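Okay, so here's the structure we're looking at.
The values are calculated or read from the model by the stated rules, or taken from the named source; none is laboratory data. Note that the structure is a prediction, hence the values are computed from the model and not measured. We place every Cβ from the backbone using ideal geometry, glycine too, and count neighbours over all the protein chains shown. Areas reflect the complete protein model, heavy atoms only, side chains present, ligands, DNA and RNA absent. Shrake-Rupley method; radii C 1.70, N 1.55, O 1.52, S 1.80 Å.
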Amino acid sequence: MNTIFQYIIILGVLALISLIVIKLTRRDFSVEANKLINYLGGKDNIVSAECNMSRFKVLLKDVNIVDKNAIQKLGAKGIVEIDNQLKIIFGKDARVLKKYIDDII
């Protein structure tokens, strides 16, 4: 009976550690969306934003104030600039970021 109690305690501790690890590795997209907006020159610089598969497409008033290096450090796999439009490849996170950005702007 005593060993069963020990196994239950061990399983409880392992479950708690698992939950902590999951919580620490989960990305906070609301924070990342705010950072992305700032890196794009602020919400006043964003004319429109779209999401197409893994790409986040944004039309800007002024592309020159964008911090492309910071966007890449945020997790962008690539950035393509065409006139006042940026296509940022975020992979599977593009849709989630778009959702959070829509809530902010």
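Taking into account only those residues within the range 81-105 that are outside any strand (DSSP E or B) and over 12 Å from the mean Cα position of the chain (by Cα), which is farthest from VAL31 (Cα to Cα)? Only one residue fits best here, namely ASP83.
Residues that are closer than 8 Å to PHE56 by Cα and modelled with pLDDT under 90 were ranked within the range 77-105; the one that is surrounded by the fewest Cβ atoms within 10 Å (Cβ to Cβ) is ARG95. Enumerate the pairs (first residue in the range 53-75 and closer than 15 Å to ALA33 by Cα; second residue anywhere and in a helix (DSSP H, G or I) and open to solvent by less than 40 Å² (accessible area, probe 1.4 Å)) with beta-carbon separation below 7 Å, excluding pairs fewer than 6 apart on the same chain, so at least 6 apart or on different chains. Pairs that qualify, where the first residue is closer than 15 Å to ALA33 by Cα and the partner is in a helix (DSSP H, G or I) and open to solvent by less than 40 Å² (accessible area, probe 1.4 Å), are ARG55/ALA94; PHE56/ALA94; PHE56/LEU97; PHE56/LYS98; ILE71/LEU36; LEU74/GLU32; LEU74/LEU36; GLY75/ASP93. Looking at this structure, is GLY78 among the small types (Gly, Ala, Ser) and more than 15 Å from the chain's Cα centre (by Cα)? When the stated conditions are applied, GLY78 does not pass them.
Across the range 1-40, the qualifying residues are those that are touching a helix residue (DSSP H, G or I) at 6+ places or on another chain (Cβ under 7 Å) and modelled with pLDDT of 80 or more, and the one among them that is surrounded by the most Cβ atoms within 10 Å (Cβ to Cβ) is LEU36.
Do the conditions hold for LYS68, that is, is it open to solvent by 70 Å² or more (accessible area, probe 1.4 Å), basic (Lys, Arg) and either more than 17 Å from ILE105 (Cβ to Cβ) or in contact with a strand residue (DSSP E or B) (Cβ under 7 Å, 6 or more places away or on another chain) (or both)? Here the answer is yes, as LYS68 does meet what is asked. Against the test of being at negative phi, modelled with pLDDT of 90 or more and in contact with a helix residue (DSSP H, G or I) (Cβ under 8 Å, 6 or more places away or on another chain), the options ASN45, ASN64 yield a single qualifying residue, ASN45.
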